[in-house]
Amino acid sequence: MSFALPSNAFFWNKKDKALERELEGKGYAGTLPNIGDKIEKSKTKVTTPIFESQDGFDNPADLKPVPKDNPAFINIIQKKDKNSQFVDDASEIIPMLEKLVDCIEDNENVQLFVTKANLLSLNIDNLSVKYKGKPESYYESFRKLEDVNRYVKSISLLRKEAITYQRYLAYSESGSIYNPENIAQQLEYLKDELNTAILMLREEY
């Protein structure tokens, strides 16, 4: 028994090495299953173009003109103005507001003030009529312009009346509204309102 075990161990060790040399580099040892019948052969597909080809496509003479009169092209293909019509209309009033501010700061005479005030009021009146009852009438800038318009009309009337009545009412209680100090205060208040309206309109434009 003591001699048989070493002899058997040597035999199996030698057999394993011979098998290892025989299979070296051959990878899987065995028979692979036939799966060719289970794989569907790829078929060549023919794709039909969606758009039909047109001869002379690259010929400028055959190209259709751009539909410039088509609103879909004007509004979508071309860059559309981001400003609404109200903003464009209101922006035209900004220079009039600025001129009235300059008039107050330069302490111009009553006649020039009234002229510029009337022009501003006329344009704001037109704007109010155009957008009355429309969504734009709820804009904060729209309401500010209407407030400014009331102040402009009121102070313009005050200055005109002051020229006529100041000398007759100077010593009465009702005549105090026509004194220069009160008018100066009203003009400063109006100037602040005009500047506020200008800032609001510039932010929207």
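Where a number appears in this text, it was derived from the coordinates with a stated rule and is not lab data. As the structure is a computational prediction, the values presented were derived from the model and not from experiment. In this analysis, Cβ positions are derived from the backbone assuming ideal geometry, glycine residues included, and neighbour counts consider all displayed protein chains.
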Least to most buried among Tyr189, Tyr139, by other C-beta atoms within 10 Å and fewest first, runs Tyr189, Tyr139
How far apart, in nm, are the 7 Å Cα→Cβ label points at Glu140 and Arg202? 1.7 nm
Given the Cα-Cα distance of Tyr189 and Leu119 and 0.36 nm per residue of separation, how much length would full extension add, in nm? 23.2 nm
Looks like the stretch 85-204, by Cα gyration tensor root eigenvalues a ≥ b ≥ c and the a/c under 1.5 rounded cutoff (else prolate when a/b is bigger than b/c, oblate otherwise), is prolate
